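The values are calculated or read from the model by the stated rules, or taken from the named source; none is laboratory data. This structure is a prediction, so every number in the text was calculated from the model and none was measured. Ideal geometry is used to build each Cβ from the backbone, glycine not excepted, and the neighbour counts take in all protein chains shown. Surface accessibility is based on the protein's heavy atoms, side chains included, excluding ligands, DNA and RNA. Shrake-Rupley method; radii C 1.70, N 1.55, O 1.52, S 1.80 Å.
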Amino acid sequence: MSDPILSIRDLTVTAMLDGEQRTLIDHVSFDLAKGEILGLVGESGSGKSMICRSLVQLLPSKAIAITGGSVMLGGRDLVALDEAAMRSVRGADIGMVFQNPTSHLDPVMRIGDQVAEGIRYHQGKSRREAKSAAIDILAQVGFPNPARQYDSYPHEFSGGMRQRAMIAVALSCDPEVLIADEPTTALDVTIQAQILKLLMDLRDSRGLSIILITHDLGVVAQTCDRIAVLRHGQLLEIGAKRDVLAAPQHPYTVSLLKSHPSMPEDSGDPAPAAGVAEAVRQPLLEVDDLVVRFPAPGLGLFKGGKTYTAAVNGVSLRIMPGETVGIVGESGSGKSTLARAILGLTPLSSGHVTFEGSDLAQQRTRTLAQIRTQAAMVFQDPYNALNPRMTIGDTLAEVLKVQNKVPRERIPARIGELLDMVGLEREFAVRRPRAMSGGQCQRAGIARALAIDPKMIIADECVAALDVTIQAQIIDLFRELKSAMNLTLLFIAHDLAIVRDLCERVVVMHRGIIVEEGLCADVFSQPKHPYTAALIAAIPDINPDKPLLSGLSVTAKPHLLTA
């Protein structure tokens, strides 16, 4: 490796909590070479983000401080710099791309102005010069019409384009080092591939050195030159990616590799056809030619009629009792709208949803009562899905009282049984969500869904925000619950590897329609639709020699219909 552009030695970060000093980063040392992409991997709480925030002294609390070590950049020890000196380093020398661009882009400031702001501050250029430079940077990160889109606001863009804007802001001062903190966690698989490809292209064109923080080993396998594995604030292992992936030295690295839901190699053999007995079973859920439309604001005003967006456009689907079906597709493909329509949370424009023989379109009151006592939903964000003011026990008790399936005197015992079922200690009944990890909160969300004793659970992106090892635990939990309770599971995800691992059948949605469906073994080994093939090709694989494909995404745009 060439001489390092950034050198971290014995970095130590501590926090004062309740009068006691706790070590968050424990004597971590590593180098970053010019033009290198270094992947920092590990679970939440491992110290990945804390290390990178320490490099630019953006620690999240005054109770947290750097108490030892050095961070050398261009002959300067960044640890020794005061706040005024650090302001000249942030942006100009080290840029940062954050996980959630919506939270870090100013919602009332034009995208172009946010890029130009750093140029004017660090380079002293005039407003006109800064605008011209900002338009060039927007073009570099993939904005199709940067001159026009300069004046657009963050809410006018998709998640992938907002992340490109965040990268443009980070590049605006031409930094030597770029820190990308989980930049693709919340993105669809095809958009993720595009952002990762963009980072690699920027490294090649600008000579950037990049620190990529992620919990997905598939991402580092296909983008990084070296991998550093962190746990509990300690650096457990670091080395060339092929060495670490092929022969991990630490047991924790081995466990991370085992938890990764890599796609298996194509067997080429389709799965056996369903037996005759399957054909005579009655479906638990039938969706027939379902259409869900929403008014499109600002369109059709001068054409004499309203214009509608068809989020779901003629979908037909049959779900058998005890089946596990995955629904995949990019954001905007209609997956979540379909789920909400099935549960009666979104009005049907036309078509039918039949649950256990009861038609939601024709017998709405009766069918809703049936659905709400026999079907439940597990949501994507485990924290926001739970009431922060209620303990987990109170949350479960509320559901049990409303459902009225369990005698009042048995509710405390039933709460304990539900916690046992999802693998939580019974002491969690008195905890609130803020005192729990994301994985624990998601288990509590599953317990709440089980509290109604459902026949069907719809899981909407319920593992998207979780670490890979926690994802594996939640998937194993669903598998155990399905076997023990004969649950029917509708699993919505953009991670096709997880769907391939968990589900028997897969349904692929695009622009509000089903473009392909079938047994997972058939669809994933021999996809028939180009969109399905594009989704599968874009999955980051743990094999570093598999090329990262991008540019395969067909942007999911809903249909516009004029009444």
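Of note:
- Identity of the residue in region 88-100, open to solvent by less than 10 Å² (accessible area, probe 1.4 Å) and closer than 23 Å to Q149 by Cβ, that ends up nearest to the chain's Cα centre (by Cα): V97
- All positions within region 183-207 that are farther than 23 Å from V508 by Cβ, open to solvent by less than 30 Å² (accessible area, probe 1.4 Å) and aliphatic (A, V, I, L, M): L198, L199, L202
- Taken over region 149-160, the criterion of being closer than 14 Å to R110 by Cβ and not acidic (D, E) is satisfied by Q149, Y150, S152, Y153, P154, H155, F157.
- As for region 29-39, it holds no residue that is of a type outside the set (D, E) and more than 17 Å from I211 (Cα to Cα).
- Counting only residues that are closer than 30 Å to R434 by Cα and outside any loop (DSSP other than H, G, I, E, B), region 355-387 holds 7 of them.
- When A375, A369 are screened for being free of Cβ contacts under 8 Å to residues at least 12 places away in the same chain and open to solvent by less than 70 Å² (accessible area, probe 1.4 Å), only A369 passes.
- Of all residues in region 511-530, exactly one satisfies the criterion of being over 23 Å from N313 (Cα atoms) and among the acidic types (D, E), namely D522.
- Test result for A180, in contact (Cβ under 8 Å) with a residue 24 or more places away in the chain, part of a strand (DSSP E or B), more than 16 Å from I542 (Cα to Cα) and open to solvent by less than 10 Å² (accessible area, probe 1.4 Å): yes
- All of S358, S333, S316 fail the test of being at pLDDT 90 or above, open to solvent by less than 20 Å² (accessible area, probe 1.4 Å) and either of a type in the set (G, A, S) or under 21 Å from G518 (Cα atoms) (or both), apart from S358.
- The condition of being aliphatic (A, V, I, L, M) and surrounded by 22 or more Cβ atoms within 10 Å (Cβ to Cβ) does not hold for I542.
- Taking (1) at pLDDT below 90; (2) open to solvent by less than 60 Å² (accessible area, probe 1.4 Å); (3) at positive phi in turn, Q222 satisfies each apart from (3).
- Top-ranked residue in region 476-507 [being free of Cβ contacts under 8 Å to residues at least 24 places away in the same chain and under 25 Å from L217 (Cα atoms); ranked as most open to solvent (accessible area, probe 1.4 Å)]: R479
- In region 264-280 there is at least one residue that is modelled with pLDDT under 95, surrounded by 14 or more Cβ atoms within 10 Å (Cβ to Cβ) and in a loop (DSSP other than H, G, I, E, B).
- Any hit, region 516-534, residues being of a type in the set (G, A, S), open to solvent by 50 Å² or more (accessible area, probe 1.4 Å) and either more than 26 Å from A397 (Cβ to Cβ) or in contact (Cβ under 8 Å) with a residue 40 or more places away in the chain (or both): no
Here's the yes/no breakdown for (1) charged (D, E, K, R); (2) modelled with pLDDT under 90:
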site: P146; (1), (2): no, no
site: D174; (1), (2): yes, yes
site: L178; (1), (2): no, no
site: P183; (1), (2): no, yes
site: D188; (1), (2): yes, yes
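- Taken together, the residues in region 150-180 that are within 13 Å of L202 (Cβ to Cβ) and charged (D, E, K, R) amount to 3.
- Residue list for region 1-58, restricted to those being open to solvent by less than 40 Å² (accessible area, probe 1.4 Å), among the hydroxyl-bearing types (S, T, Y) and part of a loop (DSSP other than H, G, I, E, B): S46
- Condition met for D420 (charged (D, E, K, R) and open to solvent by less than 70 Å² (accessible area, probe 1.4 Å)): no
- Across region 336-354, the number of residues qualifying as without any contact (Cβ under 8 Å) to a residue 40 or more places away in the chain, part of a loop (DSSP other than H, G, I, E, B) and buried (at least 17 other Cβ atoms within 10 Å of the Cβ) comes to 1.
- Residues of region 458-515 that are assigned to a helix (DSSP H, G or I), out of contact with any strand residue (DSSP E or B) (no Cβ under 9 Å at 6 or more places or on another chain) and over 29 Å from G45 (Cβ atoms): S483, A484, M485.
- Filter pass, Q163 being open to solvent by less than 20 Å² (accessible area, probe 1.4 Å), touching a helix residue (DSSP H, G or I) at 6+ places or on another chain (Cβ under 8 Å), under 20 Å from G218 (Cβ atoms) and not in a loop (DSSP other than H, G, I, E, B): yes
- Residue check, P175 more than 27 Å from I536 (Cβ to Cβ), part of a loop (DSSP other than H, G, I, E, B) and in contact (Cβ under 8 Å) with a residue 60 or more places away in the chain: yes
- Flag for V254 being part of a helix (DSSP H, G or I) and either open to solvent by 20 Å² or more (accessible area, probe 1.4 Å) or under 15 Å from F30 (Cα atoms) (or both): yes
- Pair list, Cβ < 9 Å and 6+ apart or interchain, from region 68-95 residues that are farther than 26 Å from P183 by Cβ to residues that are exposed (fewer than 15 other Cβ atoms within 10 Å of the Cβ) and basic (K, R): A85/R76
- Here A193 passes the criteria (1) without any contact (Cβ under 8 Å) to a residue 60 or more places away in the chain; (2) in contact with a Leu (Cβ under 7 Å, 6 or more places away or on another chain); (3) outside any loop (DSSP other than H, G, I, E, B) except the one numbered (1).
For every residue, the table says whether it meets (1) small (G, A, S); (2) open to solvent by less than 70 Å² (accessible area, probe 1.4 Å); (3) over 30 Å from D501 (Cβ atoms).
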position	(1), (2), (3)
D394	no, no, yes
E398	no, no, yes
K401	no, no, yes
A413	yes, yes, yes
R443	no, yes, no
R448	no, yes, no
I458	no, yes, no
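- Long-range neighbours under 7 Å by Cβ, at least six apart or interchain, first residue within 19 Å of R206 (Cβ to Cβ) within region 126-149, second open to solvent by less than 80 Å² (accessible area, probe 1.4 Å) and not in a helix (DSSP H, G or I): A133/K125; A134/Y150; A134/S172; I135/Y150; I137/S172; L138/Y150
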